1. Looking at GLU43, GLU23, which is the one that is under 11 Å from the mean Cα position of the chain (by Cα), of a type in the set (D, E, K, R) and surrounded by 11 or more Cβ atoms within 10 Å (Cβ to Cβ)?
2. Regarding segment 4-15, can at least one residue be identified that is open to solvent by less than 70 Å² (accessible area, probe 1.4 Å), modelled with pLDDT under 85 and among the polar types (S, T, N, Q)?
3. Please go through segment 47-75 and give me each residue that is in contact (Cβ under 8 Å) with a residue 40 or more places away in the chain and acidic (Asp, Glu), ordered by number.
4. Scan segment 46-57 residue by residue and report those that are surrounded by 11 or more Cβ atoms within 10 Å (Cβ to Cβ) and at pLDDT below 85.
5. Can you name the residue in segment 25-39 that is closer than 16 Å to LEU81 by Cα and assigned to a strand (DSSP E or B) and is also modelled with the lowest pLDDT among such residues?
6. Filter segment 58-73 down to residues that are touching a strand residue (DSSP E or B) at 6+ places or on another chain (Cβ under 7 Å) and surrounded by 14 or more Cβ atoms within 10 Å (Cβ to Cβ) and give me whichever is nearest to GLU32 (Cα to Cα).
7. Which members of segment 74-99 meet the condition of being among the β-branched types (Val, Ile, Thr) and open to solvent by less than 90 Å² (accessible area, probe 1.4 Å)?
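The values are calculated or read from the model by the stated rules, or taken from the named source; none is laboratory data. Since the structure is predicted, the reported quantities are computational estimates derived from the model, not experimental observations. With ideal geometry, Cβ positions are generated from the backbone for all residues, glycine too; neighbour counts draw on all protein chains shown. Keep in mind that these areas ignore ligands, DNA and RNA; they rest on the heavy atoms of the full protein, side chains included. Shrake-Rupley method; radii C 1.70, N 1.55, O 1.52, S 1.80 Å.
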Amino acid sequence: TYPGQGGTQFGFRGIYHEILLNEQIIKTSEFEGLPQKVDPVLEKTIFETIPGDRCKVTIHTICPSVGYRDNMIAAGMEPALATTHAQLDTLLTSLIDKK
C-alpha cells in the first residue's frame, strides 16, 4: 500500500492473464483505497526491441469509465505508478545487462 492524500492508504491487486516473454503482458488490476467498490482495469504492456539494444515499453490501460480513471488519479495513484514503472525499468535493465 501507499499513502494517499488525507492519510488514506491505497494499493493495487491484480491477476496476470498472459505473459509472452519479450512481447507482452496482459493483466487486470483493481485500485484499492477508493470509498466505493471498483471494477478491474485491463492493462496491456507491450515490449518492442529498438535500435541500440534498447527496449520500448508501451502500457495501455483501459478503465471502465473516464470518471473511474479520474477518481484513481485524484486519490493519488500517480506516485505509486511512478514507483512501479521505476521498478520495471530496473528489472528490465538488469535483464539486458545479463545478456
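1. GLU43
2. Within segment 4-15, the first condition is being open to solvent by less than 70 Å² (accessible area, probe 1.4 Å), and the residues that meet it are 4, 7-8, 10-11, 14.
After this cut, where a residue has to be modelled with pLDDT under 85 as well, the list is 4, 7-8, 10-11.
With among the polar types (S, T, N, Q) added as a condition, the list becomes 8.
Taking every residue of segment 4-15 in turn, at least one turns out to be open to solvent by less than 70 Å² (accessible area, probe 1.4 Å), modelled with pLDDT under 85 and among the polar types (S, T, N, Q).
3. ASP53
4. Once the filter is applied, which keeps residues that are surrounded by 11 or more Cβ atoms within 10 Å (Cβ to Cβ) and at pLDDT below 85, segment 46-57 yields only CYS55.
5. Taking the candidates together, the pick is PHE31.
6. Going through the qualifying residues, I end up with MET72.
7. Start the filter on segment 74-99 by keeping residues that are among the β-branched types (Val, Ile, Thr), which leaves 83-84, 90, 93, 96.
Hits for segment 74-99 are THR83, THR84, THR93, ILE96.
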